[in-house]
1. Which whole-number percent gives the relative contact order of the range 100-252, counting Cα pairs below 8 Å spaced six or more residues apart?
2. So how much slack lies between residue 213 and residue 169, counting 0.36 nm per residue of separation and subtracting their Cα-Cα distance, in nm?
3. Using the Cα atoms of the range 191-274, I'd like the radius of gyration and the largest Cα-Cα distance, Dmax, both in angstrom.
4. Taking 0.36 nm per intervening residue step and subtracting the Cα-Cα distance, what contour gain separates residue 186 from residue 390 on full extension?
5. Over the range 235-367, what portion of Cα pair distances is larger than 23 Å, expressed as a whole percent?
6. Computed FRET efficiency, Cβ-Cβ of residue 148 and residue 339, R0 56 Å: what is it to the nearest 0.05?
7. Distance from a point 7 Å along Cα→Cβ of residue 410 to each backbone N in the range 262-289: keep the residues under 19 Å and list them by number.
8. Listing 229, 237 from the residue with the fewest other Cβ atoms within 10 Å to the one with the most, what is the order?
Ligand SMILES: [Zn+2]
């Protein structure tokens, strides 16, 4: 079948008026759409401005969530510290409590501002997630030149461990005794301040490796090989300007001590030691080592600080020893008199990071053990003032220490799993115990 013929006259006659009407309708539609479009643009601009202003206003709070950070460095530091709280390598609260409160825990109120550098509100303000409570007692003057005379230092150390544990227990809602890197992490997850114990000098072990084992059993997780005096284990660097070495580094007993610390999982702390002690301990230790509170000698030239040639021995991989140097805030070790401030402390952090690497620097303030503080770092609330970059801050504040601790725990596990015997070595100058076969 063919298509029917098209009647153009009818079609055109019928369609013309319609076309006129349609044309009028299209015109009014155009005006309507144009108005709607203008209104939509207007609304979009208003919405954009509202969102933009809101974003600007709340940027500092939501910055972290979207990967950015507040522009104010201190606010940025505080945000970062929420995810990576400070674990300080050396706080002297116990010795302050010994001298100011005769080790009476009931007389101490850490909920209120104290005269010292540490209390719970300021620890929280400074985003402190953990610290080593130093159970320091001073070098004995009565030990004699071979360190053989009886002293009270082991008793005094036990008293300092006792007051530390009493305070941790008194404020158990805030503090928790931590015995391992995993324990620190679990305490952090529960918003507790992980509390570790460190002994500051071999003299506090009575120059006995058996005493080390018992201190470990009480919860001690680092021993500084020396304080400002030599002992039967090792040479100290002294104070200012320094002292003449006794052993030339580690004594034979000191080498045994280091290996026993490795076997137990007690960190070898090289703050206060002579350079030779530090070099020999780095080479002799099977585990990573720490400086619980030491700064950089290249930045400020005092024997208590770590020289670059020793910093160069630190690292991860062949020929290097994993370690963390936790920067000390004691003004006399930070800068010339009157010059110690937050920026000078940051110089130490940056120098150690530049020589040893960012993974090998931490914080060991010495708060409550120092008479004055750097300007801007007056107490434990002030750590955010250090304002380092993101990656530096995360490692600096705690993660580097956690890695080193975990490394030492791994070595202890391996040595014990291999059946390594405890050391029975005695200080060779002791005559109070007959040697085997002498009876
Ligand atoms: Zn010290």
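1. 20 percent
2. This chain segment gains 13.5 nm when fully extended.
3. Using the Cα atoms of the range 191-274, the pair Rg, Dmax is 13.0, 46 Å.
4. 71.1 nm
5. Of all Cα-Cα pairs in the range 235-367, 29 percent lie more than 23 Å apart.
6. It comes out at approximately 0.85.
7. Under 19 Å, as judged by backbone N against the label point of residue 410, lie 262-268, 282-289 of the range 262-289.
8. Going from sparsest to densest Cβ surroundings: 229, 237.
Read-outs: derived from the displayed coordinates by stated rules, not from any lab. Note that the coordinates shown come from a computational prediction; the quantities given were computed from them, not determined experimentally. Please note: Cβ atoms are built from the backbone with ideal geometry, for glycine as well, and neighbour counts cover all protein chains shown.
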